Amino acid sequence: MNHDILQNKIRGCLYGGAVGDALGYPVEFLSEASIFSRFGSEGIRHFQLDALSGNALISDDTQMTLFTANGLLYGDIHASMQNTPFLPRQFVSMAYQDWLRTQESSYAASRKQSRSDNAASRFSGISWLLDVPELYSCRAPGNTCISALSRQKNTHIHIEDYIQAAQNDSKGCGGIMRVAPLALDYQMNITDLDYEGAQLAAITHGHSLGYMPAAVLTHILNRIVFPEEHSYMTLKEIILEARDTSSKLFAGDWYLTELTDIIDLAVQLSENKDSDLTNINRIGEGWVAEETLGIALYCTLRHSTDFSAGVIAAVNHKGDSDSTGAVTGNILGALLGYEAIEQKWKEHLELSDIILTLADDIFSGHQTEHNQKKTDSEAAWARKYKN
């Protein structure tokens with residue numbers, strides 16, 4: 001693939017997810033009546049800027065997505081240095097412990113503790129994101145994520161398979177909303193990749209409807225960003241292939257039909273003439289992962305050529321608006337590319353430079369892997385992820 005196209009898609013996916021997240025975050029817990037009363041008959045259509053920072057704030061969805069990317073890139077470097085393959089879940093789970101640290105303490109407290117321990121500047125974690133003060137902010141983090149990660153931290157039990165060692169029985173959307181970087185960073189057998197997407201979600205969400213939708217999203221994003229050579233697929237075809245691959249991967253799961261039914265419903269509704277809100281309410285509210293996926297698929301199919309229309313539709317409902325916005329933004333951003341995202345979304349987005357840096361680091365990893373465009377900046381990229 002042309003390297004400019006690839007970079008545009010990777011940037012679009014990560015940045016687009018953050019846009020949907022930041023747009024939906026101010027209305028996440030509002031009723032539809034409150035949303036339309038406050039923002040007008042068309043709902044929220046522009047970033048709401050924080051009075052102190054002047055930025056549109058990201059939520060825990062984007063925070064955890066960034067730590068996912070950091071963990072994957074850290075693992076890439078160490079696998080290369082040691083010439084040893086690794087499973088992405090191994091280092092991503094470590095990066096999530098770093099994210100947990102940002103939720104449990106302040107930047108100043110972490111720095112003070114590190115200095116007393118004579119630790120490195122990244123505070124003894126694997127993530128350079130620990131050096132970003134803005135990430136030490138609690139943005140309505142999911143209780144399931146916090147409790148699962150806290151338990152893992154306190155028990156020190158090494159877990160190889162998070163699906164087999166279910167951490168709980170939660171099917172909340174806190175797993176699916178953060179897995180996009182996996183689809184951008186890895187080119188492997190698509191079934192293996194889908195399963196790893198499920199594993200990343202299962203680090204905190206143990207119900208099969210908490211992790212199976214993450215496999216579907218991983219499949220869709222990877223196919224969009226890395227289309228099979230000589231095989232063009234429409235978005236609808238990619239979605240149906242993802243559904244069918246997951247049906248085989250999780251054959252026999254008690255809840256599989258619920259997942260495939262909601263995918264089929266999203267496809268069906270995207271082809272009718274009813275309003276977005278009417279159709280989204282038929283799918284659900286997005287608090288659970290299968291509904292988040294369904295709403296995102298619907299919005300992406302209905303607005304497949306218009307990033308803004310898609311993310312605006314995805315957040316203007318009474319449910320988990322930031323998560324449905326984030327996943328919709330991931331898919332549309334990958335599909336249309338960063339350059340197709342309107343300029344208004346490229347202004348005042350919190351940590352936009354960090355988001356694009358991680359996207360470009362993922363891209364640089366692909367360039368280095370294929371011995372293309374090796375530059376001094378890529379050497380700096382490698383040093384960043386060596387601890």
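The values are calculated or read from the model by the stated rules, or taken from the named source; none is laboratory data. Please read all numbers here as calculations on a predicted model, not as lab measurements. Positions of Cβ are generated from backbone atoms using ideal geometry, with glycine treated the same way; all protein chains shown enter the neighbour counts. Surface areas here come from the heavy atoms of the whole protein model, side chains and all, with no ligands, DNA or RNA. Shrake-Rupley method; radii C 1.70, N 1.55, O 1.52, S 1.80 Å.
Worth a mention:
- For the range 146-266, the share of accessible area belonging to carbon and sulfur comes to 50 percent (1.4 Å probe, ligands and nucleic acids excluded).
- In plain terms, the chain from Ile157 to Arg38 could stretch by 38.1 nm, reckoned as 0.36 nm per residue minus the Cα-Cα distance.
- Highest-MSF residue in the chain out of Gly333, Gly206, Gly365 [GNM, Cα springs under 10 Å]: Gly365
- Using distinct alpha-carbon pairs, which all enter the 1/r mean, Kirkwood radius of the range 149-269 in Å: 14.8 Å
- Residue-normalised accessible area of the chain, expressed per residue, 1.4 Å probe, Å²: 40 Å²
- When the Gaussian network model of the chain links Cα atoms closer than 10 Å, the mean-square fluctuations of Phe307, Phe86, Phe67 top out at Phe86.
- Over the chain, the reciprocal of the mean inverse Cα-Cα separation, the Kirkwood hydrodynamic radius, stands at 20.6 Å.
- Expected-Rg normalisation [2.2 N^0.38 Å, Cα atoms] applied to the range 122-214: 1.14
- GluC sites (Glu not before Pro) restricted to DSSP loop in the range 32-106 with at most 11 other C-beta within 10 Å: Glu42
- Under 5 Å between amide hydrogens, built in the peptide plane, is the criterion, and for Ala56 it picks out Asp50, Leu349, Glu350 among residues at least 5 positions away or on other chains.
- Among complete DSSP H helices in the chain, those whose alpha-carbon atoms stretch at least 27 Å along the helix's long axis and whose mean Kyte-Doolittle hydropathy reaches -0.5 are 3-24, 60-82.
- Of the residues Cys13, Cys138, Cys173, the one that moves most in a GNM of the chain with alpha-carbon contacts below 10 Å is Cys138.
- Projecting the Cα positions of Ile239, Thr218, Leu182 onto the charge dipole of the chain (unit charges on Cβ atoms of Lys, Arg, Asp and Glu, taken about the Cα centre) puts Leu182 furthest along the positive direction.
- Solvent-accessible area, 1.4 Å probe, carbon plus sulfur percent, for the range 53-103: 53 percent
- Charge tally in the Cβ shell below 14 Å around Ile44, where Lys, Arg are +1 and Asp, Glu are -1, Ile44 excluded: -2
- Using distinct alpha-carbon pairs, which all enter the 1/r mean, Kirkwood radius of the range 1-159 in Å: 17.9 Å
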